[in-house]
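Worksheet: one structure, shown below.
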Amino acid sequence: MAKGYWMGRVDVHDLEAYKKYVSANAGPISRHGGRFLVRGGEHQVPEGSTRSRHVVIEFPSYKEALDCYNSEDYQHAVSLRTPVSDGDIVIVEGYDGPQPGD
């Protein structure tokens with residue numbers, strides 16, 4: 001079964017208030033088996049546009065990624081994030097097929 005991923009790009013306007021979102025998202029992400037692969041960090045943008053912060057979270061499955069996002073607990077966290085940031089979140093199913101050179 002393919003894993004599921006959240007890919008987020010965020011501009012934070014009020015870091016102190018955003019910390020409430022970070023605290024509130026920990027429970028639902030953990031309960032749904034989420035694991036941060038990217039959480040901020042240095043980055044370059046060789047093509048296209050960007051935001052200041054990037055996050056990739058891996059879940060055991062695409063369904064688990066969707067269930068986490070749609071959970072009541074995570075939607076509460078979203079209500080804390082949206083007034084203090086602008087962002088884009090994409091939930092995508094992982095790929096388990098052939099790789100280059102296979």
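The values are calculated or read from the model by the stated rules, or taken from the named source; none is laboratory data. It should be emphasised that the depicted structure is a prediction, and the values quoted were computed from it without experimental measurement. Ideal geometry is used to build each Cβ from the backbone, glycine not excepted, and the neighbour counts take in all protein chains shown. These accessible areas exclude ligands, DNA and RNA; they are computed on the full protein's heavy atoms, side chains included. Shrake-Rupley method; radii C 1.70, N 1.55, O 1.52, S 1.80 Å.
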| task | Output ³J(HN,Hα) for segment 54-69: one whole-Hz value per residue in order, computed from phi by the Karplus curve 6.51 cos²θ - 1.76 cosθ + 1.60 with θ = phi - 60°, and x for Gly and Pro. | result | 10, 9, 10, 10, 9, 10, x, 7, 4, 4, 5, 4, 5, 4, 5, 4
| Size of charge dipole - segment 24-84 - debye, nearest 20, with Cβ of Lys, Arg +1 and Asp, Glu -1, no other charges | 120
| request: Please state, rounded to one decimal and in Å, the Kirkwood hydrodynamic radius that segment 46-102 gives when every pair of distinct Cα atoms enters the mean of 1/r. | output: 14.1
| Per the 1.4 Å probe, what fraction of the accessible area of the chain, in percent, lies on carbon and sulfur atoms? | 51
| message | Please give the charge dipole size of the chain, origin at the Cα centre, charges +1 on K and R Cβ atoms and -1 on D and E Cβ atoms. Round to the nearest 20 debye. | response | 280
| query | Counting other Cβ atoms within 10 Å of each Cβ, which chymotrypsin sites (Phe, Trp or Tyr not before Pro) in segment 1-98 have at most 16 and sit in a DSSP loop? | reply | Y95
| remark: Under a Gaussian network model of the chain whose springs join Cα atoms within less than 10 Å, the largest fluctuation of S49, S85, S30 belongs to S49
| request: Would you calculate, for the chain, the mean residue ellipticity at 222 nm contributed by helices, counting each DSSP H stretch of 4 or more residues as -39,500 (n - 2.57) and dividing by all residues, to the nearest 500? | output: -11000 deg cm²/dmol
| query | Put a dot 7 Å past each Cα toward the Cβ at D88 and D73; how far apart are the dots in nm? | reply | 3.0
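D14 to D96: extension gain in nm, 0.36 nm per residue of separation minus the Cα-Cα distance? If you can, show how the numbers build up before the last one.
Values: separation 82, 0.36 × 82 = 29.52 nm, distance 3.86 nm.
Answer, rounded to one decimal: 25.7 nm.
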